[in-house]
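The values are calculated or read from the model by the stated rules, or taken from the named source; none is laboratory data. All values reported here derive from a predicted model rather than from experimental measurement. Virtual Cβ from ideal backbone geometry, glycine too; neighbours counted across all protein chains shown.
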Amino acid sequence: MNYILHNHNHVDDIVTTIMMFYPNEKYNLINFPEGLTVLSALNDRKAFAAFYDGVEEKASFELDTDPENEKSVRYALRVAVYRCLMQVRPIKAPWGVLTGVRPAKIVWNMWDMGCKDKEIAETLRRDYLVTDEKIRLAMAVAKSERGIVENGIGKIGIYIGIPFCPTRCLYCSFTSYPLDKYRDKVDMYLDALEKEMRFMAPTLAKKTVESVYIGGGTPTSINEKQLDRLLCMVEKYIGSCEELTVEAGRPDTVTVEKLRLLKQHNVSRISINPQTLNDETLVLIGRRHTVDEFYRAFELARQTGHDHINTDIILGLPGETEEHVMRTMDGLEKLSPESITVHTLAVKRASRLKETLEQYDMTDFDRMENMIHITAERTAAMGLHPYYMYRQKNMIGNFENVGYCKPDCACIYNVQIMEERQSIIAFGAGGSTKTVSPDGERIERIFNVKSVDDYISRIDEMLERKEILKDE
Ligand code: SF4
């Protein structure tokens with residue numbers, strides 16, 4: 001028998017009284033935790049949560065659940081805590097208790113179970129506490145994805161990572177190495193990459209490769225000769241595919257020669273990313289390029305024949321307001337890119353931003369919500385629709401990242417990686433290969449090491465890890 005005393009020491013009085021009811025027990029004095037405490041409990045068919053300040057119960061919530069159904073139990077426990085804490089600290093949470101990376105996947109899973117749209121919307125509203133606005137977004141994205149996902153059944157995707165960038169952005173948490181320090185390693189990195197691709201080539205030859213995505217890092221930060229070699233490797237070891245994307249993310253890495261090379265090697269989609277069209281913010285986030293350089297890079301891309309250009313932007317960059325976002329959207333509207341990916345800033349653990357956060361004027365929930373509405377309205381006015389979406393941990397306001405595109409301009413790779421119905425083979429440092437079983441039920445992953453140095457020196461081990469794929 002445990003007992004707790006608070007603000008007194010009258011042990012005997014309490015223990016002797018307890019003994020009247022529970023004789024011959026062992027009685028343990030335990031401490032009630034100091035400060036704020038959340039209690040989460042599962043009692044028979046009830047999920048229960050309570051919130052204490054010291055010993056004082058400030059709020060509690062209980063709801064029914066089905067103990068036979070693990071998913072139902074998990075969500076009931078989560079909802080109980082959410083409802084309980086809402087009483088003491090009301091927050092806006094557009095996605096309710098949904099914390100997963102892929103909100104549209106729930107729609108897909110319910111479609112698979114034969115549910116109708118109305119029933120899906122009701123479940124999202126009632127069980128997951130998602131707002132109507134986000135339900136509409138999740139449904140719109142899932143519907144836009146449908147044709148692409150179905151068309152990709154039985155095919156595979158490829159990811160190739162080039163983890164070098166001109167500088168490291170303030171918010172970056174990717175595998176990315178500043179070229180100034182790593183320039184001498186690029187050729188060795190390509191040697192290792194070629195070894196990995198050559199190793200997998202016989203397996204890839206038996207598959208239908210739907211999309212190839214060369215990301216990073218910034219693939220266009222390597223020099224023309226190296227970029228040409230990389231694209232030749234794609235042709236030699238992977239062959240043709242329906243969509244070949246190259247991230248040309250940093251405008252300061254884009255040259256006419258590189259853009260021509262991309263065209264010559266049948267790159268069908270490139271991404272040139274301003275993140276913002278405000279020079280003072282670009283300086284603040286350490287991008288080392290200007291708004292004008294972005295415009296120049298975009299213009300050059302058009303002149304060299306690139307007819308599918310994506311632009312990434314980030315909402316909630318330090319110091320930015322709704323006016324900054326309007327200015328960014330004004331600029332993009334004039335360029336009319338085929339797609340715009342709108343990210344909301346996430347403060348990642350491995351970023352410089354996280355370490356220096358207190359130095360910056362960060363966006364609050366309401367401002368972020370306004371910015372999201374601006375981009376949703378402006379992209380719609382430009383004839384773009386939401387076609388893929390994902391969420392990350394530590395996003396300001398717990399919102400989402402949304403890819404908007406013109407009709408028939410969705411990035412196949414982005415959709416397939418989000419919906420996880422297709423295997424993706426990844427090459428390069430930090431690559432994460434994902435194999436999906438034919439029934440879509442089982443997903444297995446094979447990871448490459450993240451560090452460039454380790455990837456180069458341990459390339460044979462990366463091949464061993466991929467050995468298992470040769471039988472598939
Ligand atoms: S361009 Fe992308 S990968 Fe490179 S440092 Fe910036 S955020 Fe990181």
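Within region 310-336, residues that are more than 20 Å from D364 (Cβ to Cβ) reach partners that are among the small types (G, A, S) and in a loop (DSSP other than H, G, I, E, B) with beta carbons closer than 8 Å, at six or more positions or on different chains, in the pairs D312/G249. Out of L300, L284, L230, one residue alone is more than 15 Å from the ligand (Cβ to nearest atom) and either under 22 Å from D180 (Cα atoms) or crowded, with 19+ Cβ neighbours inside 10 Å (or both). It is L230. Look at region 249-267: where a residue is touching a residue at least 24 places away in the same chain (Cβ under 8 Å) and within 16 Å of the ligand (Cβ to nearest atom) and a partner is assigned to a helix (DSSP H, G or I) and acidic (D, E), sitting 6+ places away or on another chain with Cβ atoms under 8 Å, you get P251/E293; D252/E293; K258/E224.
Table: residues versus (1) surrounded by fewer than 20 Cβ atoms within 10 Å (Cβ to Cβ); (2) outside the structural domain of L384 (by TED's automatic domain parsing); (3) aromatic (F, W, Y).
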position: L262; (1), (2), (3): no, no, no
position: N266; (1), (2), (3): yes, no, no
position: I270; (1), (2), (3): no, no, no
position: R288; (1), (2), (3): yes, no, no
position: V291; (1), (2), (3): yes, no, no
position: Y295; (1), (2), (3): yes, no, yes
position: H324; (1), (2), (3): yes, no, no
position: R349; (1), (2), (3): yes, no, no
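With respect to the conditions (1) under 28 Å from Q422 (Cβ atoms); (2) modelled with pLDDT under 95; (3) surrounded by fewer than 16 Cβ atoms within 10 Å (Cβ to Cβ), T208 lacks only one, and its number is (2). Kindly indicate whether any position in region 153-167 is more than 30 Å from Y455 (Cα to Cα), aliphatic (A, V, I, L, M), modelled with pLDDT of 95 or more and away from the ligand (no atom under 16 Å from the Cβ). Checked against the condition, which is being more than 30 Å from Y455 (Cα to Cα), aliphatic (A, V, I, L, M), modelled with pLDDT of 95 or more and away from the ligand (no atom under 16 Å from the Cβ), region 153-167 yields no hits at all. Each residue in region 43-80 was checked for being of a type in the set (A, V, I, L, M, F, W, C), touching an Asp or Glu at 6+ places or on another chain (Cβ under 7 Å) and in contact (Cβ under 8 Å) with a residue 40 or more places away in the chain, and 1 pass. Considering only residues in region 170-207 that are under 18 Å from K466 (Cα atoms) and not in a helix (DSSP H, G or I), the one that is farthest from the ligand (Cβ to nearest atom) turns out to be K206.
For A93, the requirement of being outside any loop (DSSP other than H, G, I, E, B) and aliphatic (A, V, I, L, M) is not met.
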